[in-house]
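The values are calculated or read from the model by the stated rules, or taken from the named source; none is laboratory data. For clarity, every value in this text was computed on a predicted model and none was experimentally measured. Quick reminder, even Gly has a Cβ in these numbers, built from the backbone with ideal geometry, and neighbours come from all protein chains shown. With ligands, DNA and RNA removed, areas are computed over all heavy atoms of the protein, side chains included. Shrake-Rupley method; radii C 1.70, N 1.55, O 1.52, S 1.80 Å.
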Amino acid sequence: MANAEVGDEQEREDPTVLELERRIAALLGHEEAVYLPTATMGNQIALAILGERGGELLVEQRAHIMTSELGGAAFHSGLQTRGLPGYRGRISAEQVRGAGWKDGEFWTPRLSVLALENTHNTAGGAVWPLAQLHETVAAARELGLRVHLDGARLMNAAVASGVPAAEIASPFDTATLCLSKGLGCPLGALIAGSQELMHRARIEKHRFGGAMRQAGIVAAAGLYALDHNVERLADDHSRARRLAEGWAEAGLPVDLELVQTNFVQLDVAALDLTEQEALDRVRDEGVLLSPTRPGILRAVTSLELGDEDVEHALAAVPRALGAHVRV
C-alpha cells in the first residue's frame, strides 16, 4: 500500500484503482467494475441505477439491504421494499413469480428490482446452490425485473461451493463484492456490470460522495487480497466448522447445517440468556461475539484468527455459558 502507484481516482487516472477494477470485472464475469468505499454504497448505487422510482424492490426479508441499510432503497431511489420469507436466506423462483401484480392494475406499484444476497449474512453465511440461484434470477427475468447480487461475501460462496465467482455473478445486471470482510482489506468494495450501467454507477458514486483522490493506496490492498487471500478463505471455513462442532459437542445450541462458510451462530435464547448477558460472559473469557438477530449471536472466523484462537474459544465459551446449558 505504501508503494502503490497513484493518481486522481475521480479522473480515472489512478493506475492501481484501474487495475483492481479490471481484475474484479473479469473475476465476476462482467464488462466493467467501479471501486467504492463500501459495499452498502454499492448496493444503494445498484438500486439507484436499476430501479424505477415508485416501483418495488423484492428482497428476502432478512437480507442486508432490508435490515442494515437504513431504508436506503426508499430514501435514495424511491423504491418500496417488499420482503419475502426465505429459507436460509433464499427465495424461490415460485415466490418471485407469485409476487408479480396483475397486468393493468396501474394503482399498484410495479415490480422493478430483485436483489439476492450470497452468502447470506443473517442466515449464518449460508450459500445459495447455483441451480436455485439461476432459477430465481430466471423467474425475475420472466417478469421483466432487473436483478442485483449483494455479493459482499461472494468469494466465500465461491470457495465453499467450488463454483467460480463469474458463474455466480454473471447472470445479474449488477453485483457487489466487499474487500473488507474475509478478504481482509481495511476498506473498499466494487460494483460490476455492463459498461453502460457502470457509467451510470460512476455518476451515482460521485453523487453519493464516494469519489476519491489517490485511492490507489487502499486499492492496492484489494490487489494483494486477490493474489493472497482468496484460496485461504477455506481455512476460515474449516476453523468455523471446528468451532461449531466443538461447541455442539459441549452442549451449546449450534445448528451445524447452517455452518457452510465462516459464520457460527449460537442460540443464546435457548440458554435463557439475553444477548447482552451472553456477550458479557464470553467477553470476560476473552472472546468477542456479535448479535445478528434476536436471541442469536455469531462468531466469525477470518484471517487474523488462527487455530490457537479457535482452541481458546472452544474452551472459553462453554465455560462462560455452561451453567446455562440444558441437558
Those strands (runs of 3 or more DSSP E) completely within the stretch 222-327 that have 2 or more residues that are in contact (Cβ under 8 Å) with a residue 60 or more places away in the chain and not aliphatic (A, V, I, L, M) are 263-267, 290-293
Flagged in the stretch 175-198 as part of a strand (DSSP E or B) and either of a type in the set (Gly, Ala, Ser) or over 15 Å from the mean Cα position of the chain (by Cα) (or both), in numbering order, are 175, 189, 192, 193
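Of everything in the stretch 8-56 that's among the hydroxyl-bearing types (Ser, Thr, Tyr) and assigned to a helix (DSSP H, G or I), which residue is surrounded by the most Cβ atoms within 10 Å (Cβ to Cβ)? First the steps, then the outcome.
In the first step, residues of the stretch 8-56 are kept if they are among the hydroxyl-bearing types (Ser, Thr, Tyr); the result is 16, 35, 38, 40.
Now drop any that are not assigned to a helix (DSSP H, G or I), which leaves 16, 40.
Values: 16: 24, 40: 20.
Taking the candidates together, the pick is 16.
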Scanning the stretch 90-101 for residues that are at pLDDT 95 or above and either assigned to a loop (DSSP other than H, G, I, E, B) or of a type outside the set (Lys, Arg) (or both), the one most open to solvent (accessible area, probe 1.4 Å) turns out to be 94
